[in-house]
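Engineer: Below is a structure I'd like to ask you about.
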Amino acid sequence: MNSQKVTILFFSSVIIALFTLAYMSYKNSRHIEGILTEVTHVGHKLLGHRDSILNYQYQESRQHFKFTQQITDIEKEAKQMLLDGQKSPWPSISQNIKKANSELTQFDEKLRQSTSMLDMLVGIQVARKYAYLTLESLFQETLTNRGSSDLEWHFIDFMNQHLLNENIAHPQIKQFAVQLRLIDKRRIPLRKELLDEHNYEFIEQTEMQIRDLSHRELNNALSYCLVAGSLLIFMFAIQGYLRFVHLKALNQEMASISEKAVNAAKAKSQFLATMSHELRTPMNGVLGIAQIIAGETKENATQKNINIILNSGQHLMTVLNDILDFSKIEENKLELEAVNFHLNQVLDPVISAITPLAEEKNLQLNVDNATPSHMFFIGDSARLRQIMFNLAGNAIKFTSSGTITIKASVDNQTPANLVLSVADTGIGIPEHKHDAIFSSFEQADASTTREFGGSGLGLAIVKKLTELMQGKITLTSTEHVGSTFTLTLPLPIGEKEIMATQTQVPAPQARLRPLKILLAEDNRVNAIVAKGFCSKLGHHVEIAENGKIATQKAANNHYDLILMDNHMPEMNGIEATHYLRHTLGLKTLIFAYTADVFREAHDNFITAGADHVLTKPLQKESFYDAINNFSHRIEQEKDVNPVDSNVVYLHRENVRDLRLTEEELSKSALLREVKEDTDVYHSLVHSLVEDFEKNIDELIEGFDAADIEQLGQTLHCLKGIALNLQLDHLATLTIEIEQQVRANKIPSIENFQKLINRLSVNVHQGKRVIETTPDVDAQNG
C-alpha cells in the first residue's frame, strides 16, 4: 500500500509540475505577445514620424524642436520596451524569452540608427531653412522697387540666376548659396537612405520573429498540458489498476474471512447439535426413568422426590431449549410455518399449563379472548404458543399476589392485527430497564436471577420471534405495581376447513391394533425409557443397539414402525434410514427419534427417507399425533386380515362385563393427597362421578348426531380432568380421539366404545369409594 501511495504521489507531483510549466509558458506567451504589440506600435510611430519629416517644405511654418522631441520620445519608448521585455513575470525553461529580448535589443539598435538619421535630417532642414530665409532677406533688399505680389517669382528667378551660377557677384549671397548647395548635397542622399524601405524591414522582421516566439511558447504550454493530461489519464489508469488489485485482494480476504465465518458458524451449529444431543440423551434417560418410577410408585415421599427430579430436569431442558432457539434465531436458521390455526389452539395449552402454577401461588388467572370464535389465523402456532408460554410464565414467576390477565383481540386496522397481552400485578420493571430486558442474558436486576432464577433468554427470544413474524412487542410497567406486555402481530386471516355434515353414523373404521416397533437406540437407559413408553401404550418393542443392527433386523423381520435414533456407532440413523429406503426398498413407516433439535438434522432425516421426526423424550400427544397422521399406512398394511367389529352402536356396557382393573381413580396422586381430608375427598369423587356420567351421555349423543363441535367440547373437558388427576390411560385415549375430532373426523366407534368403557369402570370405582367412605355429616350427627 505504501508503494502505491508513493507512485500516486510521484505522478501527482509530475502532473502538477507540468501544469505549472504550462501555465508559465502561457503567461510567457502572453508577455511576448505584449512585446509584439509594443514593437508594432513603436515601429508604426517611427514610420509615421519619418514621413512627416521627409514631407517637410521650407515654406511651412513649423517648430523643428517638436520633431526632435518626438524622435526622443520614440527612443525612450523603445528603451522602456527593452526594459519591460527583460522583466518576464515567469522564468522560462525554453530560450524564447531570451530570444525575444535579443530581438528587442536588435530592434532598439536599428531604431536608434533610423532616429539618428531622422534627427540629422531635421538639423539639415533647419540649416536649409535658415539659408533660405537669409537669401530671401537679401533678395528683398535687392528688389525693393517691385511689388510684393511678384516677390516669390522674382525670388525663384533670382535663385536660378545666382545659385546655379558659380560666379556670384554679391559676396553674402555667394556665401549662403554655397552653404545651401552643401546642405542639399547632404540632404538628398540622406533622404534617399531614409526613403529606402530596406532600412525599415527590421520592424516587420522583428514583429515576425517575436510573433513566432510567442507561438512557440504557446505551443510549449499546449505540449505541457497534453503531457500532463496524458500522465493524468495514465495515473488514473494506474490508480484504477492498483485499486482493482487492492479490491481483489480485499475480496479474497473477505472471501477467506467469510469462509472462516461460515466454517465457524457450521462448527458452532455442529457443536450445539452435538452438545444438544449429548446433554439431551442423559437427561432424557433421567426424565424417562423418573416418569416410569412416578407411574409405578404409590408412596407420597417418593412421588415428591420424583417431582423434584422432573421439575429440575424440565428446567434444565427449558434452559437448553432457550439457548438452542436463540442460537438458531441469531443464525437466521429459524423458519416459521404458515398454517391455519384457531387461537384456542394457542391459548388452551398455555392456560392448561400455567393454571396449576397460578393456583399454587394463589394467583387469580383471567382470560379474555375477544377474537371472533369463527376466525382462523395463518402463522406458526407453535412459536406463538412459545411466546405466550414465556410471557405468561414470567408473569406468574414475578407475581407473588394478585392477578394474571391474558387478553386477545383483533384491532380495527386494515388488514386487522392480532393483539395479545399478558398483564400481571408483580414486581414491575423500572423504566430505564425496559430495553435491557429484551437483550440476551439480561434481566432487570442482578438480584432477579438470584431470587427468581432464569437464563435471561426468554424475552430476547420473544422479541426476536415477534420480529420474525413482522410484529412488535411493547412494555408498559410500573415498579411495584405490575407489567403489561402487548404483542401486535399482522397475521393473515385464515379460513376454517368446512366439511359436509354427516347425517348418518359413518361406517366403522378398522381398529388400530398394538404395533410391532423396532427401536434403534444405542443408549441403554434411553432404550429402556422408550421401550417402557411404547409398552405402556400396548405396543411390542424390539431394540437394535445401532443402525447396522437395525438394518439387519428390518431386512429379516416385519415391523409396523421403526423409531430411529441419529447418533449411533457403526452406522448412524440417517445412514441407516437411507439404506432401508434406497437399498432395501422398505416401505415401513420410519419415525426419526432424536435429541437433535436443529432443522438441519431433521431435514437430513426427511431427505434420507424418514416419514416424521420426533424429539426426545417421547411425548404422548406428539406420538399419538404422528401415529394418527400415518395411521393409513399401518391400516393399509393390515387390510389383508381385517378385524370384524362387534360394536354396532355406542352404549353403556354392563359393569360386570368390563375389566375393572382398568380403573385409575385409586391410582390418582391428587386423590391420594386429599384422602386424609374426608370431606374434600368425598366431594371430589362425587363430582367426578357426576362429570363422567354426564360425559358418557354427551359422547353417545354427539357420536349418534355426528356433532363434531359437541364432541370436541366434551373431549376437551374430559382431557383436562384426566390430565389434572393423572389418569394416564384415560388421558391418552381422550387425546387420541380429540386429535381426530379437531381434524373434523369422526373417530372409529371402537375407540369411542373403549373410552366409554374406561369412563364406566372409573364411575363404578367412584361409586364404590363413595359407598365405603364414611359420611362426615352423619358422624357429626
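The values are calculated or read from the model by the stated rules, or taken from the named source; none is laboratory data. No experiment lies behind these values; they were computed from the predicted model shown. Note that we place each Cβ from the backbone using ideal geometry, even for glycine, and neighbour counts take in every protein chain shown. These area figures cover heavy atoms from the full protein model, side chains too; ligands, DNA and RNA do not enter into them. Shrake-Rupley method; radii C 1.70, N 1.55, O 1.52, S 1.80 Å.
Engineer: Any idea of the accessible area per residue across region 667-772, 1.4 Å probe, to the nearest Å²?
Structural biologist: The answer is 43 Å² per residue.
Engineer: Take each of the peptides 100-107, 672-679, average the number of other beta-carbon atoms within 10 Å over its residues, and list them starting from the highest.
Structural biologist: 100-107, 672-679
Engineer: Same structure again: So, by mean Cβ neighbours within 10 angstrom, what's the order for 398-404, 257-263, 216-222 with the highest one leading?
Structural biologist: 216-222, 398-404, 257-263
Engineer: Leaving out ligands, DNA and RNA, and with a 1.4 Å probe, what % of the accessible surface on region 667-772 is carbon or sulfur?
Structural biologist: So the carbon and sulfur contribution to the accessible surface is 46 percent.
Engineer: Packing-wise, with mean Cβ within 10 Å as the measure, how do 515-521, 91-97, 481-487, 307-313 rank, highest first?
Structural biologist: The densest-packed peptide leads the list: 515-521, 481-487, 91-97, 307-313.
Engineer: Rounded to the nearest 0.05, what FRET efficiency is calculated for F244 and I93 with R0 set to 35 Å and r the Cβ-Cβ distance?
Structural biologist: In this case the efficiency is close to 0.45.
Engineer: OK, next. Please work out whether region 11-107 counts as rounded, prolate or oblate from its C-alpha gyration tensor, where a ≥ b ≥ c are the square roots of the eigenvalues and a/c under 1.5 means rounded, while otherwise a/b larger than b/c means prolate and anything else oblate?
Structural biologist: prolate
Engineer: Moving on to the next point. Rounded to the nearest percent, how much of the accessible area of region 516-635 (1.4 Å probe, protein heavy atoms only) is carbon and sulfur?
Structural biologist: Carbon-and-sulfur percentage of accessible area, whole number: 50.
Engineer: Region 667-772: D in µm²/s via Stokes-Einstein (Kirkwood Rh, Cα pairs, 4 °C, 1.567 mPa s)?
Structural biologist: The Stokes-Einstein estimate is 91 µm²/s.
Engineer: On to the next question. Decide, for region 516-635, between rounded, prolate and oblate: order the square roots of the alpha carbon gyration tensor eigenvalues as a ≥ b ≥ c, take rounded if a/c falls under 1.5, and otherwise choose prolate if a/b is larger than b/c, else oblate.
Structural biologist: Rounded shape, in that the Cα axes give a/c under 1.5.
Engineer: Sort region 398-442 into rounded, prolate or oblate with this rule: let a ≥ b ≥ c be the square roots of the eigenvalues of the Cα gyration tensor; rounded if a/c is under 1.5, and if a/c is not under 1.5, prolate when a/b is larger than b/c, oblate otherwise.
Structural biologist: oblate
Engineer: Could you give the distance between the Cα centres of region 115-130 and region 218-252, to the whole Å?
Structural biologist: The two parts, judged by their Cα centres, are 69 Å apart.
Engineer: On average, how much accessible surface per residue is there in region 516-635, in Å², for a 1.4 Å probe, leaving out ligands, DNA and RNA?
Structural biologist: For region 516-635, the solvent-accessible area averages 41 Å² per residue.
Engineer: A further question follows. Can you return the lysines within cross-link range of K553? Criterion is Cα-Cα under 24 Å, with same-chain partners fewer than 8 residues away left out.
Structural biologist: K516, K531, K536, K587, K616, K638
Engineer: Quick query: amide H of L457 versus all other amide H atoms, modeled in the peptide plane; which residues come in under 5 Å with a sequence gap of 5 or more or a different chain?
Structural biologist: F441
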